[in-house]
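First up is the structure itself, then whatever we jot down about it.
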Amino acid sequence: MHREAPDLHQQRLHEVSSLLKASGACGVLDLGCGTGGLLHYLLREPQFETLVGLEQSGELLAQAKLRLEPSGVAQQGRVELVCGSYAESQPRLAGFDAAAMVETIEHVPPASLSRVEKVVFAELRPRLLVMTTPNHEYNPLFDMAPGEFRDPDHQFEWDRARFRHWVQGVAKRNGYRVTVSGIGEWHSELGQPTQLARFVRRDEAACG
């Protein structure tokens, strides 16, 4: 199984947290929070008064709890961990300033993508959402075989054209505008290892 370099993971966390901070958000919803890596990173910034992590894996959520508790923030009420899926309605999590989906969309079965779109963009409707996912075109530079995914749990990995097509469709259908960029070392033909989409709700100028 391919393992990305730790510095790329840190670059992702830094870039996503920077975009969230620049938006002025006070509350952030981490969709598919895994073991709490992004939440742990965001806790460094006092601007984020409310942080909620949603994760369907009880095992990963337990690891996140262990990671976050030593900081004492749970007692201060800044962080809440919720066991659940962003493919299922979560009414009480609607209306956050900002949300993040870091390296998680590629774990969703393709047949469930329309449901995820409905829940995240039509029901939860954060003002800002930052999403990252692997750029499949870049995989040969990691000495990977044709068609090989970076993790066996990935249901797909999009190339740049496919990712751009999907996020633009999601934005158009749900009243967002989106910009696409990347994270990591640039290659003239293959782009960057991580793709990033920044969705901003059209009725919100504050994040623009």
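Being closer than 21 Å to GLU55 by Cβ, under 13 Å from the mean Cα position of the chain (by Cα) and acidic (Asp, Glu) is a property that GLU123 lacks. What residue, among those in segment 152-204 that are assigned to a strand (DSSP E or B) and free of Cβ contacts under 8 Å to residues at least 40 places away in the same chain, is most open to solvent (accessible area, probe 1.4 Å)? Among those residues, the one meeting the criterion is ARG177. Scanning segment 75-112 for residues that are touching a Phe, Trp or Tyr at 6+ places or on another chain (Cβ under 8 Å), open to solvent by 20 Å² or more (accessible area, probe 1.4 Å) and either among the acidic types (Asp, Glu) or part of a helix (DSSP H, G or I) (or both) turns up just one, PRO110. Residues in segment 33-74 that are more than 17 Å from MET101 (Cα to Cα) and of a type in the set (Asp, Glu) were compared, and the one that is least open to solvent (accessible area, probe 1.4 Å) is GLU45. Within segment 14-32, being touching a helix residue (DSSP H, G or I) at 6+ places or on another chain (Cβ under 8 Å) and open to solvent by 10 Å² or more (accessible area, probe 1.4 Å) holds for HIS14, SER17, GLY32. Can we say PHE121 is in a loop (DSSP other than H, G, I, E, B) and either touching a helix residue (DSSP H, G or I) at 6+ places or on another chain (Cβ under 9 Å) or over 24 Å from GLU15 (Cβ atoms) (or both)? Considered against the rule, which asks whether it is in a loop (DSSP other than H, G, I, E, B) and either touching a helix residue (DSSP H, G or I) at 6+ places or on another chain (Cβ under 9 Å) or over 24 Å from GLU15 (Cβ atoms) (or both), PHE121 comes out as no. Against the list (1) over 29 Å from GLU148 (Cβ atoms); (2) in contact with a strand residue (DSSP E or B) (Cβ under 8 Å, 6 or more places away or on another chain), the condition CYS33 fails is (1). With respect to the conditions (1) more than 22 Å from LEU38 (Cα to Cα); (2) among the aromatic types (Phe, Trp, Tyr); (3) in contact with a Leu (Cβ under 6 Å, 6 or more places away or on another chain), TYR86 falls short on a single one, namely (1).
Screening the candidates GLY147, GLY182 for the property of being in contact with a strand residue (DSSP E or B) (Cβ under 7 Å, 6 or more places away or on another chain) and closer than 22 Å to VAL108 by Cβ yields one hit, GLY182.
For segment 172-198, filtered to residues that are under 26 Å from HIS9 (Cα atoms) and small (Gly, Ala, Ser), the residue that is nearest to the chain's Cα centre (by Cα) is ALA197.
The values are calculated or read from the model by the stated rules, or taken from the named source; none is laboratory data. Given the structure is predicted, the values throughout are model-derived calculations rather than measurements. For neighbour counting, all protein chains shown are included, and Cβ atoms are generated from backbone atoms with ideal geometry for every residue, glycine included. Ligands, DNA and RNA are stripped out before the accessible areas are found, and what is left, the full protein with its side chains, is counted by its heavy atoms. Shrake-Rupley method; radii C 1.70, N 1.55, O 1.52, S 1.80 Å.
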